[in-house]
C-alpha cells in the first residue's frame with residue numbers, strides 16, 4: 001500500500017496540484033483521456049526513478065505498466081524486487 | 001484561406017480530408033459541413049471581421065470550425081481547451097468574442113466565462129443538442145446540431161480579401177496578460193504556399209495534426225494539407241502522454257509528413273519503442289518551437305532513416321521565417337552543440353542588427369534577428385503600443401513603409417556567412433515544450449495572491465522539455481500558505497505548461513548589486529537541490545530548498 005499511496009500523493013499534489021482529492025486504482029493515467037499530459041508523464045518517470053532507485057526504459061512505458069495506478073504500483077514493486085535480487 | 005478547402009473539394013471530393021480516431025470526412029463532406037456552419041454563424045450575426053471563438057477539444061469539428069468561421073467572414077480565435085476558464089474569459093473580453101463554437105464540455109463553461117466578463121452571447125454547438133436551459137444560460141442563445149443541419153450546404157460567398165484578418169493567436173505576455181497576434185489571410189497563405197512548394201506536398205500525403213489550434217504549428221497541418229488536397233490525421237489530446245500510442249498512430253495511419261515540437265519527438269525517441277514500429281511511410285519530419293537536443297535527434301534519424309528532417313524557425317509573429325535541412329554533418333559527434341536555424345524562407349528576408357544598430361554581415365558577431373516580408377503578422381490585437389515596439393519601420397529603408405519584426409532572439413552567422421545560428425533570448429521569455437512563456441506573466445499571477453510580497457520565476461534548462469519552471473516567493477508579513485497552495489493558485493489562472501513545478505518560500509530573494517533579483521543564483525539553488533546537483537549551493541539567507 002505504501003508505494004501506491006506515495007505515487008498517488010505525488011500525482012495528486014505535484015502534478016494535478018490539488019485539483020483532485022483521490023485517484024481510483026483503475027483510472028486512466030496516460031494516453032487518450034488520461035489524467036497526465038506529456039510533461040506529467042516525464043515528471044512521474046523522474047519521480048519513480050529517484051524515489052525507488054529504479055530505471056524506467058523505453059520498453060517500460062506502455063499501458064501495461066503506466067495505464068493505471070494499480071498497474072503502475074505493481075510495475076514499481078516488481079522492478080524494485082528484481083533490481084534488489 | 002477558405003479557398004484552399006473549396007479548391008480541394010472540387011479537385012478531390014472523395015479523398016479523406018480529415019481523420020480523427022475512427023471517423024473521417026472527405027473533402028466534399030468537410031466543404032458542406034463548413035458551409036452549413038458558416039451560414040449558421042452568419043445567422044447568429046457574424047459579419048466580416050468579427051472575432052469568433054473556437055473552444056473545443058480536437059476533433060473533426062475543430063478543423064471544420066476554422067473554415068466555417070473564415071467562410072462567414074469572421075476571424076477565428078482558438079481558446080486553449082485545457083486552460084482555466086479565467087484565461088478564456090480574458091481573451092474573450094480582450095478581442096470581443098460574442099459568438100463561440102464549442103463542444104458540450106466547453107459550452108457548459110460559457111456561463112462561468114460570462115460571469116467573468118466574457119461578452120459571449122451565442123454558443124454554436126454543432127455536434128450536440130444543447131439548449132439555453134441545459135446550460136442554465138437564460139440570457140444567451142444556443143444553436144445546436146439540428147439547427148445547423150437545416151442550413152444550406154452550398155458554397156458561401158466569402159466577403160474577405162487577403163489583407164483581412166484570418167485568425168488571432170494568443171501568446172504569453174510579459175506584463176501579465178496574454179497578447180493576441182493578428183494574422184491576415186495573406187500572412188498565413190504566404191507560409192502555406194512556401195511550405196507546399198518546398199516540401200513537395202501532394203494529395204497522397206498524410207499529415208498529423210499534433211499541435212493544438214491555438215499554437216501556430218497547427219496552421220501547417222491544417223492548411224498546407226488542404227492546399228495539397230492531402231489527408232490530415234488529428235492526433236487526440238493527451239495521446240503523447242503515452243508515447244508508444246503516438247508511434248502506433250504514425251504506423252497505423254501510414255503518416256508521411258509530421259510536424260511537432262522537439263520535446264514530443266524526444267519523448268518518442270526515449271519512450272516510444274520506435275524500433276518496433278514500421279515507419280517506412282514517413283518521408284518528412286518537421287520540427288520547430290524550441291531547440292532539438294542532438295542526442296534525441298540522432299536517435300530519431302536512426303529510427304526513421306528514410307525521412308528528411310527540417311528545423312523550422314519563426315515566432316508566431318512571423319510564421320516560419322527560416323529553415324534548415326538536417327545534414328549528416330549536423331549530427332556528427334564533433335558537430336556544434338545545436339542545430340542551425342538556417343536561412344530565410346523564399347520571399348522572406350531576415351537580418352540581424354548588432355548593439356550599435358548596424359546590420360551583421362560577418363560570421364560570429366551577435367545581434368537580434370529581424371524579419372521582413374509578407375509572413376510578418378499585423379501586430380497585437382488592441383495594443384498599438386506593444387505593436388509599435390516590436391513591429392517597426394525597417395531601419396534600412398527610408399523610401400517607403402516597410403514593417404520589420406524584431407524577434408528578441410539573439411543570433412549569429414555561421415562560418416559560411418549565410419546560415420543563422422540561434423543563441424538565446426534577450427529577455428525573460430522561455431520555451432517549454434515549444435510554448436512561449438513570459439516569466440513575467442507567471443510572476444504577475446503569483447503577485448496577485450494576497451500572501452505574496454515578492455515573487456520570481458526562473459527557468460531551468462532541461463533536455464526533454466526545454467525548460468522547467470520554478471517559483472520563489474517571499475510571503476507578506478504574518479501571511480502563511482498551505483503546502484501546494486500557490487501551485488494550485490497558478491493552475492486556476494494559467495495553462496498547465498506555465499505553472500511552476502514547485503514554488504519555494506524564501507525569507508528574501510537574492511539580489512544583485514543593482515537591486516535586481518539574482519536569477520542565476522535562483523537557478524543555481526534549484527540545480528543544487530536536484531539529484532545529481534553539484535555539491536552544496538550558495539544558499540540564500542540560510543534558507544535551503546525543501
inquiry  = For residue B:319, only one of the following conditions fails: (1) out of contact with any strand residue (DSSP E or B) (no Cβ under 7 Å at 6 or more places or on another chain); (2) surrounded by fewer than 21 Cβ atoms within 10 Å (Cβ to Cβ). What is its number?
reply    = (2)
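Tell me which residues, restricted to the stretch B:353-378, are touching a residue at least 60 places away in the same chain (Cβ under 8 Å) and crowded, with 21+ Cβ neighbours inside 10 Å.
Once the filter is applied, which keeps residues that are touching a residue at least 60 places away in the same chain (Cβ under 8 Å) and crowded, with 21+ Cβ neighbours inside 10 Å, the stretch B:353-378 yields B:373, B:375, B:376, B:377.
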task = Within the stretch A:28-54, count every residue that is surrounded by fewer than 16 Cβ atoms within 10 Å (Cβ to Cβ) and either in a loop (DSSP other than H, G, I, E, B) or at the interface with chain B (Cβ under 7 Å from one of its Cβ atoms) (or both).
result = 4
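Looking at B:495, B:536, B:520, can you tell me which residue is modelled with pLDDT under 95, away from chain A (no Cβ under 14 Å) and in contact with a helix residue (DSSP H, G or I) (Cβ under 9 Å, 6 or more places away or on another chain)? So that I can check it myself, show each step before the final result.
On the way: B:495 fails: away from chain A (no Cβ under 14 Å); B:520 fails: in contact with a helix residue (DSSP H, G or I) (Cβ under 9 Å, 6 or more places away or on another chain).
After ruling out the rest, the residue left standing is B:536.
Conditions tested, residue by residue: (1) more than 10 Å from chain A (Cβ to nearest Cβ); (2) more than 18 Å from the chain's Cα centre (by Cα); (3) modelled with pLDDT under 95; (4) in a loop (DSSP other than H, G, I, E, B).
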| position | (1), (2), (3), (4) |
| --- | --- |
| B:237 | no, no, yes, yes |
| B:244 | no, yes, no, no |
| B:247 | yes, yes, no, no |
| B:259 | yes, no, no, no |
| B:278 | yes, yes, no, yes |
| B:286 | yes, no, no, no |
| B:297 | yes, yes, no, no |
note = Scanning the stretch B:498-514 residue by residue, the ones that are within 11 Å of chain A (Cβ to nearest Cβ) and in a loop (DSSP other than H, G, I, E, B) total 3
ask   = Can you tell me how many residues in the stretch B:462-492 are within 14 Å of another protein chain (Cβ to nearest Cβ), in contact (Cβ under 8 Å) with a residue 24 or more places away in the chain, farther than 30 Å from residue B:260 by Cα and in contact with a helix residue (DSSP H, G or I) (Cβ under 7 Å, 6 or more places away or on another chain)?
value = 1
message = Regarding the stretch B:497-510, can at least one residue be identified that is surrounded by fewer than 19 Cβ atoms within 10 Å (Cβ to Cβ) and out of contact with any strand residue (DSSP E or B) (no Cβ under 8 Å at 6 or more places or on another chain)?
response = no
inquiry  = Among the residues of the stretch A:6-16, what is the count of those that are modelled with pLDDT of 90 or more and either within 11 Å of chain B (Cβ to nearest Cβ) or out of contact with any helix residue (DSSP H, G or I) (no Cβ under 9 Å at 6 or more places or on another chain) (or both)?
reply    = 2
query = Quick one: residue A:19 ticks every box in (1) under 13 Å from the mean Cα position of the chain (by Cα); (2) within 7 Å of chain B (Cβ to nearest Cβ); (3) assigned to a loop (DSSP other than H, G, I, E, B) bar one, so which box is it?
reply = (1)
remark   = The strands (runs of 3 or more DSSP E) lying entirely within the stretch B:58-165 that contain at least 1 residues which are within 27 Å of the chain's Cα centre (by Cα) and not assigned by TED's automatic domain parsing to the domain that holds residue B:380 are B:75-78, B:99-102, B:122-124
Residue satisfying all of: in the stretch B:194-221; touching a helix residue (DSSP H, G or I) at 6+ places or on another chain (Cβ under 8 Å) and under 22 Å from residue B:83 (Cα atoms); surrounded by the fewest Cβ atoms within 10 Å (Cβ to Cβ) among these = B:212
Options B:33, B:6; residue that is under 26 Å from residue B:120 (Cβ atoms) and in contact with a helix residue (DSSP H, G or I) (Cβ under 8 Å, 6 or more places away or on another chain) = B:33
query = Quick check: is even one residue across the stretch B:192-200 touching a strand residue (DSSP E or B) at 6+ places or on another chain (Cβ under 8 Å) and not in a helix (DSSP H, G or I)?
reply = no
inquiry  = If I filter the stretch A:61-69 for residues that are farther than 13 Å from residue A:3 by Cα, more than 8 Å from chain B (Cβ to nearest Cβ) and surrounded by fewer than 18 Cβ atoms within 10 Å (Cβ to Cβ), do I get at least one hit?
reply    = yes
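Go over the candidates B:189, B:169 one by one and state the one that is in a strand (DSSP E or B) and in contact with a helix residue (DSSP H, G or I) (Cβ under 9 Å, 6 or more places away or on another chain). Break it down into steps so the answer makes sense when it comes.
Numbers: B:189 fails: in a strand (DSSP E or B).
Going through B:189, B:169 in turn, the sole match is B:169.
The values are calculated or read from the model by the stated rules, or taken from the named source; none is laboratory data. Here the structure is a predicted model, which is why all the values come from computation and not from measurement. When we count neighbours, we look across all protein chains shown, and the Cβ atoms used for this are built from the backbone with ideal geometry, even at glycine.
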